DNA sequence: TCTGGGGTCCTAGGACCC
DNA sequence: TCTGGGGTCCTAGGACCC
């Protein structure tokens with residue numbers, strides 16, 4: 001007997017695990033990884049979770065654990081995590097008939113075999129990633145994506161399973177017992193809002209949802225939750241995407257380390273963000289047709305928060321940093337309120353399309369020369385890095401004072417020669 | 001003092017057309 | 001004077017995910 005199954009593999013506490021690979025002192029201690037600006041907690045080791053630290057907790061509120069419990073904090077090091085992710089995904093790809101990389105630390109794999117073979121495969125996947133990359137993973141195997149996510153959840157929460165759970169090898173009564181204990185909001189695709197509404201209908205556990213009436217679910221919610229119910233019952237209905245679908249939008253948005261209050265400073269922000277956005281367009285081989293600029297005041301300050309935002313149609317499909325910078329600055333000038341204290345800003349490029357050919361070239365000479373400047377900027381950045389060259393404030397060698405705070409950063413261990421780890425024996 | 005960023009998918013409703 | 005109904009396309013907003 002041979003069955004098509006889906007495996008969902010994810011790395012435990014991914015960012016923390018990456019940091020630990022290169023700094024064994026972090027093993028066994030509470031560790032948190034912080035968001036940009038060291039603002040809040042985005043990843044926690046098990047020990048940090050045990051201290052009651054939640055995802056999204058403001059760092060300043062949990063900082064005291066550094067002294068009281070030897071907690072270690074790290075600023076996020078996306079170069080390191082991105083590179084480690086690529087290594088994990090490469091190893092995983094060897095085990096599946098197809099692979100869908102679902103997020104930086106998660107992947108679906110198509111697998112097949114008898115129940116025994118599937119269990120053995122899951123164990124081998126876990127061991128291989130651990131040995132060749134150095135990070136711990138959990139593996140869930142089941143007939144549908146939703147159930148694979150559930151199996152992974154079971155693997156993660158039951159230490160005796162050693163990080164793997166294949167539903168074909170499980171006693172159906174045991175599955176039933178677990179599903180009638182686990183809250184429905186722990187299920188992939190069921191968030192807080194849906195959970196509240198379901199609770200009102202007397203559906204509070206996974207088992208409850210599994211035997212709900214699909215027609216009624218479809219009527220009261222949407223096709224999304226209907227699919228979840230079908231998948232819970234073993235009918236696969238969520239498609240998988242082996243190729244990363246073309247991006248729908250590119251967003252560059254950050255909170256500032258200190259508030260921006262003047263038009264000049266905000267235009268500096270827009271100039272830099274628009275150029276970062278243009279670099280990404282070039283990197284992905286995409287042209288944008290819509291540009292959105294946004295800003296926001298603090299949600300936590302007294303008084304009314306304000307989130308000005310405007311979207312404009314670009315005069316032609318473009319990846320031109322000059323054009324984008326100019327339009328983003330002008331748009332921001334129109335929507336920002338003088339005197340307001342902005343803590344974040346962003347640029348979103350959407351309506352993305354592949355090479356538009358001639359359409360992208362203007363008919364006027366200055367547009368043609370802008371295109372050339374854009375090409376040169378792109379080429380220099382590709383060769384010497386994003387910070388090597390820029391327009392106006394985008395070329396500042398000194399970081400502006402609103403730029404990101406990263407007090408606890410680890411080195412780019414795997415992507416910069418100068419920052420390779422040194423081992424003494 | 002200090003509170004993330006980047007995405008996807010679906011639905012409803014408006015504009016417009018025939 | 002009467003004032004349909006179906007289709008498409010676009011956008012805003014909601015919900016969710018990691």
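The values are calculated or read from the model by the stated rules, or taken from the named source; none is laboratory data. Quantities reported herein were computed from a predicted structural model and do not represent experimental measurements. Here the Cβ is made from the backbone with ideal geometry for all residues, glycine too, and neighbour counts use every protein chain on show.
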Query - the stretch A:31-61, residues that are part of a helix (DSSP H, G or I) and away from DNA strand B (no atom under 12 Å from the Cβ) - result: A:46, A:47, A:48, A:49, A:50
Query raised in the report: Tell me, which strands (runs of 3 or more DSSP E) wholly within the stretch A:69-116 include 2 or more residues that are more than 17 Å from residue A:32 (Cβ to Cβ) and at pLDDT below 95?
Result: A:99-103
Requested in this report: Output the number of the condition that residue A:236 fails; it satisfies all remaining conditions of (1) assigned to a loop (DSSP other than H, G, I, E, B); (2) more than 16 Å from DNA strand C (Cβ to nearest atom); (3) surrounded by 14 or more Cβ atoms within 10 Å (Cβ to Cβ); (4) more than 27 Å from the chain's Cα centre (by Cα).
Outcome: (4)
Query raised in the report: Which of (1) closer than 16 Å to residue A:148 by Cα; (2) in a loop (DSSP other than H, G, I, E, B) does residue A:168 not meet, given it meets every other one?
Result: (2)
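Could you tell me which of the residues A:41, A:16, A:21 is surrounded by fewer than 22 Cβ atoms within 10 Å (Cβ to Cβ), touching a helix residue (DSSP H, G or I) at 6+ places or on another chain (Cβ under 9 Å) and closer than 23 Å to residue A:91 by Cα?
Answer to the selection: A:21.
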Query raised in the report: For the stretch A:155-175, how many residues are touching a residue at least 24 places away in the same chain (Cβ under 8 Å) and either crowded, with 18+ Cβ neighbours inside 10 Å or closer than 11 Å to residue A:142 by Cα (or both)?
Result: 7
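Residue by residue, here is whether (1) within 16 Å of DNA strand B (Cβ to nearest atom); (2) in contact (Cβ under 8 Å) with a residue 40 or more places away in the chain; (3) in a helix (DSSP H, G or I); (4) under 26 Å from the mean Cα position of the chain (by Cα) holds:
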residue: A:150; (1), (2), (3), (4): no, yes, yes, yes
residue: A:194; (1), (2), (3), (4): yes, no, yes, yes
residue: A:208; (1), (2), (3), (4): no, no, yes, no
residue: A:224; (1), (2), (3), (4): yes, no, yes, yes
residue: A:243; (1), (2), (3), (4): yes, no, no, yes
Query raised in the report: Is it the case that the stretch A:206-217 has a residue that's within 12 Å of residue A:146 (Cα to Cα) and exposed (fewer than 14 other Cβ atoms within 10 Å of the Cβ)?
Result: no
Query raised in the report: What do you reckon, is residue A:261 away from DNA strand B (no atom under 12 Å from the Cβ) and at pLDDT 90 or above?
Result: yes
Query raised in the report: Mind checking whether some residue in the stretch A:155-164 is part of a helix (DSSP H, G or I) and under 19 Å from residue A:229 (Cβ atoms)?
Result: no
**Report entry** Pairs where the first residue, in the stretch A:56-68, is at negative phi and the second is assigned to a loop (DSSP other than H, G, I, E, B) and within 11 Å of DNA strand B (Cβ to nearest atom), C-beta under 8 Å, 6+ apart
**Finding:** A:58/A:39; A:59/A:39
Query raised in the report: How about the stretch A:245-256: which of its residues are part of a loop (DSSP other than H, G, I, E, B) and in contact (Cβ under 8 Å) with a residue 60 or more places away in the chain?
Result: A:246, A:247, A:248
Query raised in the report: Listed residues A:230, A:187; which is under 14 Å from residue A:145 (Cα atoms), at pLDDT 95 or above, surrounded by 14 or more Cβ atoms within 10 Å (Cβ to Cβ) and more than 13 Å from DNA strand C (Cβ to nearest atom)?
Result: A:230
Query raised in the report: Given the residues A:108, A:60, A:95, which is the only one that is under 30 Å from residue A:144 (Cβ atoms) and away from DNA strand C (no atom under 16 Å from the Cβ)?
Result: A:95
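Table: residues versus (1) without any contact (Cβ under 8 Å) to a residue 24 or more places away in the chain; (2) out of contact with any helix residue (DSSP H, G or I) (no Cβ under 6 Å at 6 or more places or on another chain).
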{"position": "A:229", "(1), (2)": "yes, no"}
{"position": "A:235", "(1), (2)": "no, yes"}
{"position": "A:258", "(1), (2)": "no, yes"}
{"position": "A:262", "(1), (2)": "yes, yes"}
{"position": "A:275", "(1), (2)": "no, no"}
{"position": "A:292", "(1), (2)": "no, yes"}
{"position": "A:308", "(1), (2)": "no, no"}
{"position": "A:320", "(1), (2)": "no, no"}
{"position": "A:326", "(1), (2)": "yes, yes"}
Query raised in the report: Which residues, taken from the stretch A:335-351, are assigned to a loop (DSSP other than H, G, I, E, B) and either over 18 Å from residue A:247 (Cα atoms) or modelled with pLDDT of 90 or more (or both)?
Result: A:336, A:337, A:338, A:339, A:340, A:341
